[in-house]
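Worksheet: the structure to be examined is printed underneath.
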């Protein structure tokens with residue numbers, strides 16, 4: 001247990017020392033909220049931001065898992081860090097567990113920043129019930145995103161490739177899963193596909209809980225969908241994990 005704690009701490013420190021990661025996961029979502037707030041300029045700005053804030057939050061958590069988390073693991077592999085850890089009494093399951101836990105802590109810190117900005121800068125009203133309902137949904141969103149990101153890390157030969165694959169998966173969902181735009185505005189074929197994508201389930205688990213303090217009518221269905229994505233991704237990530245860098 002002590003070894004796991006030390007490894008988790010080391011992984012967390014690696015993340016907070018990466019300035020680009022800090023920008024994309026802390027500054028960028030805040031900039032997004034500022035941009036949306038400036039463009040909206042309506043009378044009910046707080047109401048609009050109450051709807052938009054959970055989308056920004058869930059979208060950024062998904063980006064963190066698919067892009068930042070996947071590329072960081074790939075970079076550690078390319079630099080030989082994982083190969084050196086292999087020489088120590090650390091199993092791959094212990095490493096992945098510590099890495100995922102450090103990523104969850106990092107992502108939850110991002111969630112706190114986004115929520116604080118929404119409440120203090122835009123007057124979004126949150127009751128204790130909202131936070132209590134939203135917290136497990138946020139954690140589920142983070143874990144699913146990171147698990148999917150580790151599949152990307154397992155197939156990407158380099159960090160640049162991991163970023164490209166992660167961005168492709170992320171942007172493919174960004175505007176068709178109710179994160180930033182209502183899916184009802186999309187074509188019929190998108191409305192049929194969207195609900196089966198992880199981003200849609202994330203949006204419909206986080207937004208009602210955080211913005212309204214209620215659970216979506218289909219919350220169990222969304223939860224089961226993310227559970228399937230997570231379990232499948234973790235199995236694939238474990239099978240694809242390599243200590244040494246892949247060749248192109």
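Among the listed residues 176, 138, 131, which satisfies the condition of being buried (at least 16 other Cβ atoms within 10 Å of the Cβ) and in a helix (DSSP H, G or I)? Going through 176, 138, 131 in turn, just one is buried (at least 16 other Cβ atoms within 10 Å of the Cβ) and in a helix (DSSP H, G or I): 138. One residue alone among 53, 73, 62, 49 is within 17 Å of residue 243 (Cα to Cα) and surrounded by 20 or more Cβ atoms within 10 Å (Cβ to Cβ), and that residue is 73.
Name the single residue that is modelled with the lowest pLDDT among those in the stretch 192-242 being in a loop (DSSP other than H, G, I, E, B) and surrounded by fewer than 16 Cβ atoms within 10 Å (Cβ to Cβ).
Here is the first cut: in the stretch 192-242, the residues in a loop (DSSP other than H, G, I, E, B) are 197, 213-218, 241-242.
Checking the rest, the ones that are also surrounded by fewer than 16 Cβ atoms within 10 Å (Cβ to Cβ) come to 214, 217-218, 242.
Values: 214: 92, 217: 91, 218: 92, 242: 85.
The selected residue is 242.
Within the stretch 89-128, which residues are buried (at least 19 other Cβ atoms within 10 Å of the Cβ) and over 18 Å from the mean Cα position of the chain (by Cα)? Those that are buried (at least 19 other Cβ atoms within 10 Å of the Cβ) and over 18 Å from the mean Cα position of the chain (by Cα): 95, 117, 118, 122, 124. When residue 31 is tested against (1) touching a helix residue (DSSP H, G or I) at 6+ places or on another chain (Cβ under 6 Å); (2) more than 20 Å from residue 136 (Cβ to Cβ); (3) modelled with pLDDT of 90 or more, exactly one condition is not met: (1).
The values are calculated or read from the model by the stated rules, or taken from the named source; none is laboratory data. Note that the structure is predicted; figures quoted are calculated from it, not measured. When we count neighbours, we look across all protein chains shown, and the Cβ atoms used for this are built from the backbone with ideal geometry, even at glycine.
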